[in-house]
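Before any comments, here is the structure.
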Amino acid sequence: MDLKDYIRSIPDYPKKGILFRDITTLIKDSKVFKETINQIVDRSKKFKIDKIAAIESRGFVFASAVSYILDKPFIMLRKKNKLPAETYSTDFELEYGTATIEVHKDSITKNDSVLIIDDLIATGGTAEGAAKLVKMSGGNVAGFIFVINLFDLGGCDKLKEANYQVENLIEFPGH
């Protein structure tokens, strides 16, 4: 099964010049979604993992299922002001702007090995922000798994240059 066949491409979304890779067409098919989760679980075996973190919001779709299967705690990395308790916070650059993500201060403990899962990597800004939150919390980044890598935007390369282990299931050009 080629997962690429289940990704819809939408031009000029969320703004002109962006070619959006839509995962809703992948997750609405239960067999394809199951295959996607199984592939992530299989790739996660390359990592020593204490906890799994995901980036809001589409990362939650994949990481929560993987967390359940692997019986690992699930950590939510959320947009600013979405978590009710004390948080660590970091700003980061997006392909088309800036944003802030946060994590509860009690989610990750010293030396936890955290696998970060998200639906897509473009320029790598969000992933770098997620890694920073894990480190601010005292944890270590075990690595990253992305469903989609927009290879020509350089995010995976940036993470690898920072000595992170990175896996992705499928690749597309970003434009």
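The values are calculated or read from the model by the stated rules, or taken from the named source; none is laboratory data. Bear in mind that the values here come from a model prediction, so they are computed numbers and not experimental data. Note: ideal-geometry Cβ built from the backbone for every residue, glycine included; neighbour counts use all protein chains shown.
Looking at (1) of a type in the set (Lys, Arg); (2) at pLDDT 95 or above; (3) exposed (fewer than 12 other Cβ atoms within 10 Å of the Cβ), which one does residue 82 not meet, given that it meets all the others?
So the condition that residue 82 fails would be (3).
Quick one: in segment 159-175, of everything that is among the polar types (S, T, N, Q) and either free of Cβ contacts under 8 Å to residues at least 40 places away in the same chain or not in a loop (DSSP other than H, G, I, E, B) (or both), which residue is surrounded by the most Cβ atoms within 10 Å (Cβ to Cβ)?
168
Of 57, 30, 9, 44, which residue is surrounded by fewer than 19 Cβ atoms within 10 Å (Cβ to Cβ) and touching a Leu at 6+ places or on another chain (Cβ under 9 Å)?
9
Looking only at segment 73-128, count every residue that is in contact (Cβ under 8 Å) with a residue 60 or more places away in the chain, of a type outside the set (Ser, Thr, Tyr) and under 21 Å from residue 160 (Cβ atoms) and tell me the total.
9
Here are 30, 44: which of them is among the small types (Gly, Ala, Ser), in contact (Cβ under 8 Å) with a residue 40 or more places away in the chain and more than 30 Å from residue 17 (Cα to Cα)?
44
Scan (1) within 14 Å of residue 168 (Cα to Cα); (2) touching a residue at least 60 places away in the same chain (Cβ under 8 Å); (3) touching a Ser or Thr at 6+ places or on another chain (Cβ under 7 Å) for the single condition residue 142 breaks and write down its number.
So residue 142 meets the others, but not (1).
Looking at 9, 89 in this structure, which one is among the small types (Gly, Ala, Ser) and over 30 Å from residue 111 (Cα atoms)?
Every option except 9 fails the conditions.
Of all residues in segment 86-112 being surrounded by fewer than 12 Cβ atoms within 10 Å (Cβ to Cβ) and part of a strand (DSSP E or B), which is modelled with the highest pLDDT?
Out of the qualifying residues, it is 98.
Cβ contacts < 6 Å: first residue at pLDDT below 95, restricted to segment 2-20; second residue surrounded by 11 or more Cβ atoms within 10 Å (Cβ to Cβ) and among the hydroxyl-bearing types (Ser, Thr, Tyr), any location; separation 6+ or different chain. Result?
The qualifying pairs are 15/96; 19/9; 20/13.
Between 133, 77, which is in a strand (DSSP E or B), modelled with pLDDT of 95 or more and surrounded by 15 or more Cβ atoms within 10 Å (Cβ to Cβ)?
Just a single option satisfies the conditions, and that option is 77.
Got at least one residue in segment 48-59 being touching a strand residue (DSSP E or B) at 6+ places or on another chain (Cβ under 6 Å), among the hydroxyl-bearing types (Ser, Thr, Tyr) and free of Cβ contacts under 8 Å to residues at least 24 places away in the same chain?
No, segment 48-59 contains no residue that is touching a strand residue (DSSP E or B) at 6+ places or on another chain (Cβ under 6 Å), among the hydroxyl-bearing types (Ser, Thr, Tyr) and free of Cβ contacts under 8 Å to residues at least 24 places away in the same chain.
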